[in-house]
Amino acid sequence: MTSTDLIGTPEARRALQRRTLTVVMASQVFSGAGLAAGITVGALLAADMFDTTSLSGLPTALFTAGSAATAVLVGRLSQRSGRRAGLAAGYAAGALGGAGVVLAAVLDSLPLLLVSLLVYGAGTATNLQARYAGTDLASADRRGRAVSTVLVATTLGAVAGPNLVAPIGELSERYGIPALAGPFALAAVAYGIAGTVLFTLLRPDPLLAARNAPEPVAAAGGREPGRQFAGSVMAGAVTMVLTQLVMVAVMTMTPVHMHAHGHDLQATGLVIAIHIAAMYLPSPITGLLVDRAGRVPVAVAAGSTLLAAGVVAALAPEDSVVLLTVALALLGLGWNLGLVSGTAMITDKAPADRRARTQGTVDLCVALSGAGGGITSGLIMDAAGYATLSIAGGVLALAVIPFVVVSARGPGVSRRS
């Protein structure tokens, strides 16, 4: 039976879309835990092994750089062989990188640490690329909700991950593994399970099915003139690039800032857990807003929310876990608004025969912006402090607003679905 046979009717297409979302959601629960581990302790592990805070942003820079390379590779592999092959391979690489970080910490090997962090970034890229699998068979008026369904599934693992930092660290020390490396062991296992779920169960492949679909489904991919395609991709890419850069920069330095002012790993884990919850839990509402109110208004809200996050973080007293939690929650929400609206903009006009390649290229830019945010955040904080970093990030996020508003005047971006 061909992919065309499987989705030859609207009912069959909807059934395959529901199955796809179920499988991807199951894998995302595990991959969320793997993603959160590195975010929570990566900067602290680097500060400990390098014995300086100025390089504490290096892990984020490295695994986001690895994410950048993987985004392109996963996109191309998915374009050629389907989402199942691309996503499973990406998670396998992420698991290998997580195991390498653990070994590097045990051996106190900085070269191995740097290489392993780079490979570990494959899991981050794959976690984000998975959202596109939810849109392959979605109709245009439900695309935002399809993205949000995949994202919200990440929440369970992503929120649990940071809260497991302390107990996993204690358990790791019993086996001679440094406490800060323990969460990377969790990441290796979680990414391995996520990849296995996708490789085993994501059949038939949604991208291949969409590519071979009858004309009504292909139309959902948006076979539009090149000008509209380019304009929509550019608007979505800028939205996601700026929101990613700001989110990564401030998030990366928050654990270092807290540690420097006497907060323990439990408090840090709580703040990061709430931050990650805010990155994913609002997704159902965000998806509904993207589909009903439009892509552009939600992107504008992303820039405004990130500015508010920067202001609150900058003004929060050093001993206030509550205000830091509020700031990081706003930071996560702003990222969520930008990611869902930007993803919808890109997918709106991307034909199925080049969709995955385009999405991988855009995610390359997003990951590179995260790498830049990670590496510069430590330098800025070391030179000017956490408050300056936070304010600068919030102001930069405002650049999203004029760009998408101007873009919306052209034919390329759907203001409303």
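Taken together, the values in this text are just the output of simple stated rules run on the coordinates, not laboratory data. Quick caveat, the model's predicted, so the values are computed rather than measured. Counting neighbours? That spans all protein chains shown, and the Cβs are built from the backbone with ideal geometry, glycine included.
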LEU201 to THR9: extension gain in nm, 0.36 nm per residue of separation minus the Cα-Cα distance?
-> 66.9 nm
Listing ARG83, ARG76 from the residue with the fewest other Cβ atoms within 10 Å to the one with the most, what is the order?
-> ARG76, ARG83
Starting at the first residue of the stretch 67-76, write each ³J(HN,Hα) from the Karplus equation 6.51 cos²θ - 1.76 cosθ + 1.60 with θ = phi - 60°, in whole Hz, x for Gly and Pro.
-> 5, 4, 5, 5, 4, 5, 5, 5, x, 5
Rounded, prolate or oblate: which fits the stretch 58-175 when a ≥ b ≥ c are the square roots of the eigenvalues of the alpha-carbon gyration tensor, with rounded for a/c under 1.5 and prolate only if a/b beats b/c?
-> oblate
Most exposed first, judged by fewest Cβ atoms within 10 angstrom, ILE346, ILE401, ILE285 run ILE285, ILE401, ILE346
For the chain, with the dipole built from +1 on Lys and Arg beta-carbon atoms and -1 on Asp and Glu ones, taken about the Cα centre, which of ALA130, ALA158, SER78 lies farthest toward the positive end?
-> SER78
Where does helix 265-280 land angle-wise versus the long Cα axis of the chain, in degrees 0 to 90, nearest 10?
-> 10 degrees
If one computes the Cα centroid of the stretch 76-110 and of the stretch 224-285, what distance in Å separates the two points?
-> 22 Å
By the gyration tensor of its Cα atoms, with a ≥ b ≥ c the square roots of the eigenvalues, what is the shape of the stretch 363-408: rounded for a/c under 1.5, prolate for a/b over b/c, or oblate?
-> oblate
Part-to-part distance (alpha-carbon centres) for the stretch 124-160 and the stretch 298-371, which is given in Å = 14 Å
With charges set only on the Cβ (+1 for Lys and Arg, -1 for Asp and Glu), what does the dipole of the stretch 3-407 come to about its Cα centre, in debye to the nearest 20?
-> 1680 debye
Fewest Cβ neighbours within 10 Å first, please rank MET381, MET345 accordingly.
-> MET381, MET345
